[in-house]
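So the structure is just underneath, and the comments pick up after that.
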Amino acid sequence: APAGGAGWRARSLRAAPALLAFALAASSLASSWSPVRAEEAAVTRFTRLMIEVGRLIKAQTPEHYTIAVNPAGAVPYYAERRAIDMLGLNDEHIAHSTTRILGSRKAGHEKGDGEYVLSRRPNMILIGNVWVDEADTVKMIYPSRLSEVQIMKSADIYDLYELVFFPLPGGRSLKALVLREGTSLPETGWGPKRFRPIPKGKWQ
């Protein structure tokens, strides 16, 4: 074989380990980015849903409404309503509260104070970390995070609030606890027509 061909093969053999190492590093980097991309996609989907919910609240509730919500970002922004952040990132009282689970769960999602939230009598409490699905019937209520769990354990919750279905496109609906005095509002500007009491003992 020509000398030039032999030299090329020799250089290729010397470069092979470096090329292999580069390929392995690139593969490892790509695999490490996979969970990041999955998380980014999940956050994007959730944010789009929160925007939809915020716009729905703006369209179907009076301007004076106060809402209590865990994901207190896109929802109050697009709803243009005063909000109680039940996780405490934007609430001084909850932010300064203490909890025995601090440091053991997802950062920024451990604090809450259901009694405090109820004491402020928000007109609407978004339960189940903003509960949206295809059904408009209630079989079980799933509270999310500390404030919601404490709220659903309150002895007064059934007298103060009722569960309301706000219709969304595609047969879905937003489920929210609405202060009972709010259900006597004039029909003008008030969207939901069906009010159902929260069935006692039907949540976990």
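Figures for the structure shown
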| read-out | value |
| --- | --- |
| Net lengthening on full extension, residue 45/residue 82 (0.36 nm per residue, minus Cα-Cα) | 10.9 nm |
| Ranked order, 85, 133, 156 - accessible area, probe 1.4 Å, largest first | 156, 133, 85 |
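The values are calculated or read from the model by the stated rules, or taken from the named source; none is laboratory data. Computed from a predicted model, the values in this text were never measured in an experiment. When the accessible area is computed, the model is the full protein with side chains, heavy atoms only, and any ligands, DNA or RNA have been set aside. Shrake-Rupley method; radii C 1.70, N 1.55, O 1.52, S 1.80 Å.
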